[in-house]
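Everything on this sheet refers to the single structure shown next.
The values are calculated or read from the model by the stated rules, or taken from the named source; none is laboratory data. Computed from a prediction, not measured in an experiment: that's the story for all the values here. Heads up, the Cβs are rebuilt from the backbone with ideal geometry, glycines too, and the neighbour counts pull from every protein chain shown.
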Amino acid sequence: MKRILALAVCVLIAGVVFAGGEQEQAGSEVIKIGVFEPMTGANAAGGAMEVEGIKLANKLYPEVLGKKVEIVIVDNKSDKVEAANAAARLVDKEKVTAIIGSWGSSFSMAAGSIVKEAKVPTVGASCTNPLVTLGNEYYFRVCFIDPFQGAVMANYAYKEVGARKVAIVQEISNDYSVGLAKFFTDEFKRLTGDDKAIVAVSNYNTGDMDFTAQITNLKSLKPDAIFAPGNYTESALLIKQARELGMDVPFLGGDTWEAPEFLDVGKAAVEGAVFSTFFTTEVPITETSKLFIDEYRKEYGKEPAAVTALGFDAYLVILDAIERAGTTDTVAVRDAIAATKGYPGAAGIISLNETGDAVKNAVIKTVKDQQFSFVTTIVPE
Amino acid sequence: MMTKRQNIMYTLAALVVFAGILFLLDENLGAYPKRIFILAGIYVTLALSLNLINGFTGLFTLGHAGFMAVGAYTCALLTMPPDLKTMNFFLKPIVPFLANVQWPFLPALLMGGVLAGVIGFLIAAPVLRLRDDYLAIATLGFGEIIRIIFTNTQSLTNGALGLKGLPRFTTVWWSWGIAAVTVFFMVNLINSSYGKAFKAIREDEVAAEAMGINLFKHKVISFTIGSVIAGIGGALMGHLLGAIDPLMFRFLMTFNILLIVVLGGIGSITGSVIGAVIVTIVMEALRVLDGTMHLGFMTIAGKPGMRMVIFSALLMAVVILYQKGLMGRNEFTWDGFFQRLHRMSGRKKR
Amino acid sequence: MSVQLFFQHLANGLSLGSLYALIAIGYTMVYGILRLINFAHGEIFMIGVYIAFYLVTLFVLPWFAAFVVALGITCILGMGVERIAYRPLRDHPRISVMISAIGASFFIQNLAIVVFGGRPKTFPVPPVFGKIITIGGVNIVSITFIIPIITFIALAILLFIVNKTKTGMAMRAVSTDHETARLMAIDVDIIISITFAIGSGLAAIGGIMWGLKYPQLLPIMGLIPGLKCFIAAVVGGIGNIKGAVLGGFLLGLMEIMIIAFLPSLSGYRDAFAFILLIVILLVRPSGILGSVQGEKV
């Protein structure tokens, strides 16, 4: 009997899941924008930061075309299978007009074919892997892509640091890290004209905490700088251990370093670390930036992260497109998004190119007095 | 007691009905429920492959995700058109012998299974001499080793970048068709002399050996067949998602399948089928726990991650309180089915 | 490779090894008594250090008090896990117990994600542990010396308990044969609880040491070290405390040294542990210091 009861309960739940879809039709007074982000799992922090920005934008701009905008948040659990399911749920069950997501290029890629088939335009906030938008006319992003970011850091290493020999420490199990390292390498080799300019490439895995072996090896090679485009979780420990082992060379990184935990864990060790990112609160780029920074400080009482500003922008871009399209028809909205040019976002002026990527400035930041501090802006050529 | 002929007739009739249901669902289900349905079918195949080794032969393996990875990557690399490969392998070009290869789905799928089976065979030889717990950890180790290798071999698997844009071959027919074939195959295997040997090994190895069963040979056969099916399941999953990468095939994946097998009943084919369907559906349904729940008058704010807490608690509850799982070791038989119907209707007649 | 470089690598390896050793002891003790791989050990290690973290930051306890209290709480937690997940399955096939262990491990991990949040927390390291000492060009953080010392103190205390006290004798009896021990008027349940308590306590110490050395806490931090420490215990001879320590050092050194001599293999680091495990299981399954046990028919 127990078993039959248990079975019955499960069938009931199933019924709810599948039947629930029909009831959604009634609410056509609401425009839905789907959000799929990692709310749990290894990348929960990144997802949470982006959602903050999206929610803030929704609070400030809750309406378009005279209707209320509702954001539907689905968790992709930092897992590809779940990411695909989450996207499928948004397009099919929730019938959203557009989607924002995801932090983490691999999850965005998992959802790519689903949104393409369903013809629902999707805007990524911070996913920088070129493959996300390549070959997919329904995927866009409001940030720059890694080939640009890698080149920016290579230029910085070459010109500002004066490095001629760089060692790379990459997170081999992270597509972002591996990609960014490669783009840096290509540009750096081009700048120095030296094919051996990258003295070593050291690997580590996600979740690793001990880098002493890799660092000790690099120490003997005496590089001028180290490029370590990994997540802030590992990078802070990496730099700390490097300093403890007596390595004083400058450390360069990418946008994933910008998180409060990086400063927390790294403390004095990360002083002077330099990285590229999308956004800075010190030099508000547009009017929207000022508005965003003020509102964020009011709402959360702390400084916003770069990906939060991007989440904010992704929402605004979609709203703007819906307004221009004058309809919630997903194909029309998609075309309107693609035509976005010169839109003033919180993280800079957004113009989308043919592949759906934003051509934007990069911001270089460093750690000074245990705070993130603005260095300069790099304009794309 | 039904005759064999009657059994076959009923089974064939059920198959026809089943095919009809598949057709209806394929036409009418929305994209989202259909996806869940296809996923359930894939999990049936995967659960059966694990159940064969764990449930029927009594070998506790935890490396299943590794075989899935082998199958998925093989099938993907064989079915991707050359320009898709070039686009994916932008970091480091793909090894030359794979660059221009493009096979249709079925041969690639089978090749995925075969390769997974080969790897399974190679692993089986050294590992199956070990006892329960050591076997578990050793297979877990191999699963991880396979994954780590895939992460590092940039020119073969595209490393951490993974493969995306895979042709979405897996439809309702492929997924449930293969599930049906697997069920059919398993039923026949279990009822054959091999199957009886497997069960004997599970019950008591020493006695089985004393009865003249070659322990090692049978264990290897079971393990290899299990890995072949796991490889096929992995390939199906890859072509459902359209993108694969090494992180998909962590121990967590094996844990999900283990959950299904335990819940359905270790050693029951029917149990695995039912378990797969239920777990896949409930996994999605419990999404509500992650967000805010509106229960009419009150709103309970959900915390992300509650889903997995509940699932692990469920696994433990089943194992501790109810080790048999849903079906225990019982199977579905037409006899049992009709008897139950008679019993139920018998009560109503009062 | 210069001598200095070699010694730096050696220091790193010994440091890592002593951490593995500390945690491996807990695994080996539980296995010796119950023939059970306590998959949840890694999670207990994680909880131990999280509790210490909260005691220091939230309750503002001075660090030595916090560490001791965290130790106590973790011991109780370990005993709790045994009560709930393992005791009911005492007479059931080993496969059920293993599944329960895996389930417990995932449950605690996911509960930690829900309760503590997925974002990393910085462990507050008291300055005395963070000083950098340079000896002949080799840089060593002060904690690196402290960990092996603690490991050996723990080892000494444990060996004393196991070999020279009545409780220890009872533990050895139970690990040889439950039924016979029961006939000798030993309360098997209590002995098992004590074993779990000791093992969990060591895990807590190991966790706190880990937090002091790598001051970043994540709910998933227990998984890989847990597996590696189990491998260390197996390599040294499961059920043998000295073996666990040996295995721990061996594993730590091996991990560092392989990368030291073959830097291009740094991405395969985790795989080394598994490869070592498989090699040992094939060549000498009872481990380096283990005794070969025949199987009773």
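Do we find that B:Gly55 is within 23 Å of the chain's Cα centre (by Cα) and small (Gly, Ala, Ser) in this structure? When the stated conditions are applied, B:Gly55 passes them. Which members of region C:18-42 meet the condition of being within 14 Å of chain B (Cβ to nearest Cβ) and within 12 Å of C:Trp210 (Cβ to Cβ)? Hit for region C:18-42 is C:Gly42, nothing else. Please work out if C:Phe64 is in a helix (DSSP H, G or I) and either within 14 Å of chain B (Cβ to nearest Cβ) or more than 17 Å from C:Phe196 (Cα to Cα) (or both). Judged against the criteria, C:Phe64 is a match. Residues in region A:304-317 that are in a helix (DSSP H, G or I), closer than 15 Å to A:Ala45 by Cβ and of a type in the set (Gly, Ala, Ser): A:Ala306, A:Gly311. Of the residues screened, A:Ser126 is one that is modelled with pLDDT under 90 and touching an Asp or Glu at 6+ places or on another chain (Cβ under 9 Å). Taken over region B:160-217, the criterion of being free of Cβ contacts under 8 Å to residues at least 40 places away in the same chain, over 22 Å from B:Val228 (Cα atoms) and surrounded by fewer than 14 Cβ atoms within 10 Å (Cβ to Cβ) is satisfied by B:Asp204, B:Val206, B:Ala207, B:Ala210, B:Met211, B:Gly212.
Of the residues that sit in region C:247-268 and are without any contact (Cβ under 8 Å) to a residue 60 or more places away in the chain and surrounded by 22 or more Cβ atoms within 10 Å (Cβ to Cβ), which one is farthest from A:Glu171 (Cα to Cα)? The extreme case among them is C:Ile259.
In summary, C:Phe6 fulfils each of the numbered conditions (1) without any contact (Cβ under 8 Å) to a residue 12 or more places away in the chain; (2) over 20 Å from the mean Cα position of the chain (by Cα) with the single exception of condition (1). Scanning region A:157-178 for residues that are among the aromatic types (Phe, Trp, Tyr) and either buried (at least 23 other Cβ atoms within 10 Å of the Cβ) or closer than 28 Å to A:Ser78 by Cα (or both) turns up just one, A:Tyr176. Within region A:146-156, the set of residues being buried (at least 23 other Cβ atoms within 10 Å of the Cβ) and polar (S, T, N, Q) comprises A:Gln149 only.
Here C:Phe45 passes the criteria (1) within 14 Å of chain B (Cβ to nearest Cβ); (2) closer than 25 Å to B:Ala138 by Cβ except the one numbered (1). Scanning region A:47-93 for residues that are more than 25 Å from A:Phe279 (Cβ to Cβ), of a type in the set (Asp, Glu) and assigned to a helix (DSSP H, G or I) yields A:Glu82, A:Asp92.
The residue list C:Ala11, C:Ala24 contains one member that is assigned to a helix (DSSP H, G or I), of a type in the set (Gly, Ala, Ser) and under 17 Å from the mean Cα position of the chain (by Cα), which is C:Ala24. Of the listed requirements (1) outside any helix (DSSP H, G or I); (2) within 18 Å of the chain's Cα centre (by Cα), B:Leu130 misses just one: (2).
Residues are listed down the side, and each one gets a yes or a no for (1) surrounded by fewer than 24 Cβ atoms within 10 Å (Cβ to Cβ); (2) over 20 Å from the mean Cα position of the chain (by Cα); (3) within 9 Å of chain B (Cβ to nearest Cβ):
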| residue | (1), (2), (3) |
| --- | --- |
| A:Ala110 | no, no, yes |
| A:Lys116 | yes, yes, no |
| A:Gly124 | no, no, no |
| A:Cys127 | no, no, no |
| A:Pro130 | yes, no, yes |
| A:Thr133 | no, no, no |
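Checking each residue of region B:26-45 against the condition of being over 30 Å from A:Thr133 (Cα atoms), without any contact (Cβ under 8 Å) to a residue 40 or more places away in the chain and surrounded by fewer than 13 Cβ atoms within 10 Å (Cβ to Cβ) gives at least one match. If you check B:Lys164, B:Lys196 for being within 14 Å of chain A (Cβ to nearest Cβ) and of a type in the set (D, E, K, R), only one passes: B:Lys164.
Any idea which of B:Phe223, B:Phe255 is at the interface with another protein chain (Cβ under 9 Å from one of its Cβ atoms), surrounded by 20 or more Cβ atoms within 10 Å (Cβ to Cβ) and not basic (Lys, Arg)? Going through B:Phe223, B:Phe255 in turn, just one is at the interface with another protein chain (Cβ under 9 Å from one of its Cβ atoms), surrounded by 20 or more Cβ atoms within 10 Å (Cβ to Cβ) and not basic (Lys, Arg): B:Phe255.
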